[in-house]
Structures are given as C-alpha cells and as structure tokens.
Amino acid sequence: MTIEQTIEIPDSRIVQFSPEMQMGRFRIVFFPEPAAPAKATPAEELPRVTRAELEAARLDPIIQELENLPVEPDWSWLPEGLTPETLAAKDIRALRIKEKYGV
C-alpha cells in the first residue's frame with residue numbers, strides 16, 4: 001500500500017505524524033523541490049573613505065602586519081614529492097595520522 005502526500009515543512013523544520021498512524025515499519029522517501037531563487041537585494045553601498053583616513057589607517061600596527069604577509073604561501077612543510085597541485089585528501093589524512101600517532 002502506498003500513501004503519497006505533499007507537505008509544507010514549517011520554519012521549525014519539524015514534521016509530525018498523525019497519532020492515528022499505525023506503528024510499524026515505514027519507508028519515507030524525501031524528494032525536495034528546488035528552492036525558489038532568492039530575490040536580488042540592492043547592493044549595499046560601500047562606505048566612503050578619504051585618502052587622509054586611508055593613510056591614517058596604514059599607521060595602525062595591525063594593518064602594517066597584514067601588509068607584510070608573504071604573497072606566496074610556504075609549502076616547505078609538505079613531504080618530498082608532494083606539491084599543492086598533487087596534494088589529495090588521502091595525503092592529508094596520512095600526514096595527520098603520522099603526526100598524531102608517529103606511524
């Protein structure tokens with residue numbers, strides 16, 4: 001016997017079944033419909049910053065540290081033979097196991 005019903009899922013995302021429903025084994029199949037595209041909201045206008053404010057911000061020690069960050073990341077920690085292009089999830093897993101258990 002097959003009973004099919006389309007339901008609306010409330011904001012709480014909790015779906016309750018009728019208390020009259022018999023107990024037993026059930027198969028529930030979930031076919032979500034594609035969500036409606038989000039309505040475009042007008043872009044927020046960026047705050048305007050004067051050159052004087054920008055120069056004053058550059059004197060901030062945190063901003064100076066951020067400006068001195070290396071452009072290229074340091075990949076020297078990778079084992080020989082691995083490059084960022086060839087690094088895969090299995091390699092990362094092996095590195096973490098080796099680091100944690102010394103295997």
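Could you list, in sequence order, all residues of the stretch 57-73 that are basic (Lys, Arg) and within 29 Å of PRO84 (Cα to Cα)?
Just the residues of the stretch 57-73 that are basic (Lys, Arg), to begin with: 58.
Across the stretch 57-73, there are no qualifying residues.
Report every pair of residues separated by at least 6 positions or lying on different chains whose Cβ atoms are under 6 Å apart, first residue within the stretch 62-85 and farther than 17 Å from GLU99 by Cβ, second open to solvent by less than 80 Å² (accessible area, probe 1.4 Å).
Going by the 6 Å Cβ cut-off, the qualifying pairs are ILE63/ALA57.
Of the conditions (1) within 19 Å of GLN5 (Cβ to Cβ); (2) open to solvent by less than 100 Å² (accessible area, probe 1.4 Å); (3) not hydrophobic (A, V, I, L, M, F, W, C), PRO19 satisfies every one except a single condition; which number is it?
Tallying (1) within 19 Å of GLN5 (Cβ to Cβ); (2) open to solvent by less than 100 Å² (accessible area, probe 1.4 Å); (3) not hydrophobic (A, V, I, L, M, F, W, C), PRO19 fails exactly one: (2).
Would you say ASP91 is among the charged types (D, E, K, R), surrounded by 10 or more Cβ atoms within 10 Å (Cβ to Cβ) and under 24 Å from the mean Cα position of the chain (by Cα)? Break it down into steps so the answer makes sense when it comes.
Numbers: among the charged types (D, E, K, R): yes; surrounded by 10 or more Cβ atoms within 10 Å (Cβ to Cβ): yes; under 24 Å from the mean Cα position of the chain (by Cα): yes.
For ASP91, the condition - among the charged types (D, E, K, R), surrounded by 10 or more Cβ atoms within 10 Å (Cβ to Cβ) and under 24 Å from the mean Cα position of the chain (by Cα) - is met.
Condition test on LEU54, is it free of Cβ contacts under 8 Å to residues at least 12 places away in the same chain and assigned to a loop (DSSP other than H, G, I, E, B)? Outline the logic, then answer.
Numbers: free of Cβ contacts under 8 Å to residues at least 12 places away in the same chain: yes; assigned to a loop (DSSP other than H, G, I, E, B): no.
So LEU54 does not fit the description; no.
The values are calculated or read from the model by the stated rules, or taken from the named source; none is laboratory data. Note that this is a predicted model, so its numbers are computed, not measured. All Cβ positions, even for glycine, are placed from backbone atoms using ideal geometry, and neighbour counts span all protein chains on display. These area figures cover heavy atoms from the full protein model, side chains too; ligands, DNA and RNA do not enter into them. Shrake-Rupley method; radii C 1.70, N 1.55, O 1.52, S 1.80 Å.
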